[in-house]
Amino acid sequence: MSTVRIEELEREIAALQADGGTDRNRLAILQAELGQLKALAAASPAWQRVKLARHPKRPHALDYIQRLTPDFTEIHGDRCFGDDAAIVCGFGHMDSRPVMLIGQQKGRDTKQKLLRNFGMPKPEGYRKAMRAMEMAAKFDRPIVTMLDTPGAYPGIDAEERGQAEAIAWNLREMARLGTPIVVVVIGEGGSGGALALGIGNRVLMLENAIYSVISPESCAAIIYRDASKGELAANALKLTAPDLSKLGLIDEIVPEPPGGAQEDADLVAGNLRVALHKTLDGLALLMPAQLVEDRYERFRRMGNFFKE
């Protein structure tokens with residue numbers, strides 16, 4: 001990970017310089033490596049953020065949920081087929097504020113990755129999420145969704161159970177809910193698999209998260225006929241938080257430590273808590289019909305680059 005390696009090199013160089021630079025050969029080698037890495041990072045900042053968003057130690061949805069709502073009570077099952085562990089839903093209190101939290105959960109080790117299907121939900125996961133959101137709207141609870149998936153599961157069994165219909169249903173029904181919805185992109189926001197939980201009044205994004213209609217590698221395979229050109233595609237896709245903020249597709253960037261969220265999950269969760277309270281305080285002033293209209297207008301503005 002280039003970003004982390006840059007910090008390690010800077011610390012080692014500083015230590016050598018503090019010693020009076022006695023090991024000049026070692027110092028020269030480290031400075032040369034640091035220069036190369038900084039040049040690479042400057043040339044491809046988007047690819048560096050893609051790597052950070054996929055970092056194996058990056059906090060996942062449950063890591064944030066446990067820090068934000070210690071009393072989190074999970075809801076299971078879609079009341080139709082089964083329970084999809086790739087999506088976790090439940091009520092909890094963020095400080096004194098009751099909320100419904102819904103997150104896409106990746107696994108940490110091999111056993112967890114298989115249980116969570118590598119964070120790729122199936123139709124029953126999206127239907128479970130919709131059931132939880134409708135329950136939240138019934139009891140006037142704000143909804144917070146956390147996006148972190150490479151995309152919806154593309155397997156035959158998911159298609160047989162109506163993957164596309166489940167995603168489309170969520171898009172329509174989320175647009176109609178008369179309760180505040182705040183979306184947080186915490187890692188990979190991949191394609192329709194992420195957007196199925198992404199129809200919100202406000203969209204927040206962690207500093208090193210990514211949000212795109214397609215993964216860089218898949219885009220490269222289609223456009224350049226070469227999946228190894230993912231770095232080139234990442235720059236073209238404008239999938240980083242700063243890029244999406246400039247385009248007006250997200251509302252706020254939640255800061256992370258220089259090396260990424262995995263460096264200090266407690267700090268990032270604290271930053272996210274502050275951002276969520278501020279956002280929900282603003283949305284609490286709107287009536288249900290106004291929330292629906294606000295959501296509608298937000299998505300109607302997207303992609304409008306022309307003015308009369």
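The values are calculated or read from the model by the stated rules, or taken from the named source; none is laboratory data. No experiment lies behind these values; they were computed from the predicted model shown. Glycine gets a Cβ as well: all are built from the backbone with ideal geometry, and neighbour counts include every protein chain shown. Side chains included, ligands, DNA and RNA excluded: accessible areas come from the protein's heavy atoms. Shrake-Rupley method; radii C 1.70, N 1.55, O 1.52, S 1.80 Å.
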Using amide H atoms built in the peptide plane, which far-off residues or other-chain residues are under 5 Å from residue 181 H to H? 143, 201, 202
Could you check how many percent of all C-alpha pairs in segment 72-133 are farther apart than 18 Å? 36 percent
Between residue 266 and residue 159, the two model label points (7 Å from Cα along the beta-carbon direction) sit apart by a distance in nm of 4.8 nm
Please compute the length gained on full extension between residue 289 and residue 29, using 0.36 nm multiplied by the number of residues separating them and subtracting their Cα-Cα distance. 87.3 nm
Got a number for carbon plus sulfur as a percent of the chain's accessible area, 1.4 Å probe? 56 percent
Potential lengthening between residue 222 and residue 108 on full extension [0.36 nm per residue; Cα-Cα distance subtracted]: 38.0 nm
Not counting ligands, DNA or RNA, and with a 1.4 Å probe, what is residue 169's accessible surface area in Å² rounded to the nearest 10? 110 Å²
For residue 140 paired with residue 36, estimate the spin-label separation in nm (one decimal), with each label point 7 Å from Cα along the Cα-to-Cβ line. 6.3 nm
As a test, work out the antiparallel percent of DSSP beta bridges whose residues both lie in segment 83-197, rounded to the nearest 5. 45 percent
Whole-number accessible area per residue in Å² for the chain, which is evaluated in the context of all protein chains at 1.4 Å: 48 Å²
Using protein chains only and a probe of 1.4 angstrom, how many square angstrom of residue 218 are accessible, to the nearest 10? 50 Å²
Listed highest first by mean packing, meaning other Cβ atoms within 10 Å per residue, what order do 54-65, 121-132, 74-85 come in? 121-132, 54-65, 74-85
Hey, could you grab the Kirkwood Rh for segment 142-270? Inverse mean 1/r over distinct alpha carbon pairs, Å, one decimal. 15.7 Å
Out of all DSSP beta bridges in the chain, what portion is antiparallel? Express it as a percent rounded to 5. 40 percent
Whole-Å semi-axes of segment 211-262's equivalent ellipsoid, largest first, each the root of 5 times a Cα gyration tensor eigenvalue? 24, 14, 7
Would you report the distance distribution of C-alpha pairs in segment 126-187 as whole percents per 5 angstrom bin, up to the bin with the largest distance? 4, 16, 24, 25, 17, 10, 4, 0
Going by accessible area, probe 1.4 Å, with all protein chains left in place, what is the ranking of 294, 95, largest first? 95, 294
Taking only the alpha carbons of the chain, what extent do you get along each of the three principal axes, in Å, biggest first? 69, 55, 48
Could you sort 215, 96 by accessible area so the largest value comes first, with the probe set to 1.4 Å? 96, 215
Grab the eigenvalues of the alpha-carbon gyration tensor for segment 37-183, scale each by 5, take roots, and send me the semi-axes largest first in whole angstrom. 27, 20, 15
For residue 287, solvent-accessible area (1.4 Å; no DNA, RNA or ligand), Å²: 120 Å²
Sum of -39500 (n - 2.57) over DSSP H runs of 4+, divided by residues of the chain (222 nm, nearest 500): -15500 deg cm²/dmol
Between the DSSP loop rule and a limit of at most 12 other Cβ atoms within 10 Å, which chymotrypsin sites (Phe, Trp or Tyr not before Pro) in segment 216-308 are left? 305, 306
